[in-house]
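Okay, structure first, notes after.
The values are calculated or read from the model by the stated rules, or taken from the named source; none is laboratory data. Computed from a predicted model, the values in this text were never measured in an experiment. Note that we place each Cβ from the backbone using ideal geometry, even for glycine, and neighbour counts take in every protein chain shown.
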Amino acid sequence: MQFGRPPQQVADPYKTIGVARDASQAEIKRAFREKAISTHPDRNPDLAAGKITADEAQDRFQAVGEAYEILKDPAKREQYDLTGQVGGAGGMGGPAGGGAVDMEELLRELMRQGMGGMGGMGGMGGMGGPQAAPPKPFPQPGMEAFIDADVANIHAASRRSKMSEVRDGLRAQLAGAYGVVSIVDPRDRSVKLRIAGPAPGIPAGRAAEVWFATDALWDSKLLTPGREVTICGDEEAILRTSRAAGIAIDREKDTLRGACASNSAICLAVDRSDNTAKLRVVTEEGKSAAIWFAIAALRPKQNQQ
């Protein structure tokens, strides 16, 4: 009698990723990252040239993830090397044994490793060092801030601070951007924010300083796991900030992201390497789902005016 799923034949993961059978884990990670980027549907040259369909591009992209799922796991890799199969009575399952690989998570994992594994390691609090000073109130010069992604909110905040409409166009262009506070004027609750390119209207290697109302900004440090947030009410802004976050956020979940506009959600995780956050959101069917958003499309509820 056989228990569990039977072993399943899988495509050669070494050939799929493009490494030798004796490749080290470092070589496998590097090859996966390069292959995932080159086969991503947003960047696949064959799809752009019309040589393959969107479904074929997605299949190639998914196959790269499935291959990596096998090779990064020593037990699955050993089973494949011995039998050419993965899964079965051993219960390892894996991509060949059921369920699609979550490529968003795999790419995010590799991005963190590409950053030297130092994401979220700032400071030495709790490691026996000196006690951290109490946090300063936001905003203060030198603090990092996100600009509200909703243009209507930016303009409303500008009018409350009695700011001229002259630079409304530039402020709207920079909705959802990220900058550093350089000057604070408490008289009208306004802030001069330094924004480095590349950003809308600001080329790479350049920077601009633009005045915003304090209410149009929020402290980036406030977004932490467990914090309740409000998702931007502008669906176009949600999708725009998702694209700006790069390949870490897959287009196939854009419809769900757009449907979450103006909803409340709970932050589950924050990835500072690409400024994205994983949220627990309630779907139309009354069920919850975990999905990644660009931080720029969010705002911590406790900081809203």
Checklist entry - Can you name the residue in the range 141-169 that is touching a strand residue (DSSP E or B) at 6+ places or on another chain (Cβ under 6 Å) and in a helix (DSSP H, G or I) and, of all such residues, is nearest to A208 (Cα to Cα)? => result S158
Checklist outcome for this item: All conditions in (1) out of contact with any Gly (no Cβ under 7 Å at 6 or more places or on another chain); (2) farther than 17 Å from K301 by Cα; (3) modelled with pLDDT under 85 are true of G197 except (1)
Next on the checklist: Return the pair list, or none, for Cβ contacts closer than 7 Å from residues in the range 59-86 that are in the same structural domain as P41 (by TED's automatic domain parsing) to residues that are aromatic (F, W, Y) and surrounded by 15 or more Cβ atoms within 10 Å (Cβ to Cβ), at least 6 apart or on different chains.
Outcome noted: V64/F32; Y68/F32; I70/Y80; V86/Y80
Checklist entry - Is there any pair linking a residue in the range 135-147 that is surrounded by 13 or more Cβ atoms within 10 Å (Cβ to Cβ) to one that is acidic (D, E), with Cβ under 7 Å and at least six apart or on different chains, and which? => result F138/D219; M143/D219; A145/D219
Item to check | the range 1-59, residues that are at pLDDT 80 or above, of a type in the set (S, T, N, Q) and either over 25 Å from Q85 (Cβ atoms) or surrounded by 11 or more Cβ atoms within 10 Å (Cβ to Cβ) (or both) | outcome: T16, Q25, S38, T39, T53, Q58
Item to check | Residue check for V210: assigned to a strand (DSSP E or B) and either modelled with pLDDT of 90 or more or crowded, with 20+ Cβ neighbours inside 10 Å (or both) | outcome: yes
Next on the checklist: Between K253, K221, which is surrounded by fewer than 18 Cβ atoms within 10 Å (Cβ to Cβ), under 22 Å from V180 (Cα atoms) and either modelled with pLDDT under 90 or β-branched (V, I, T) (or both)?
Outcome noted: K221
Item to check | Single residue of E236, E252 found to be assigned to a helix (DSSP H, G or I), more than 16 Å from the chain's Cα centre (by Cα) and not assigned by TED's automatic domain parsing to the domain that holds V181 | outcome: E236
Next on the checklist: Considering only residues that are assigned to a strand (DSSP E or B) and surrounded by fewer than 19 Cβ atoms within 10 Å (Cβ to Cβ), which ones fall in the range 271-280?
Outcome noted: R280
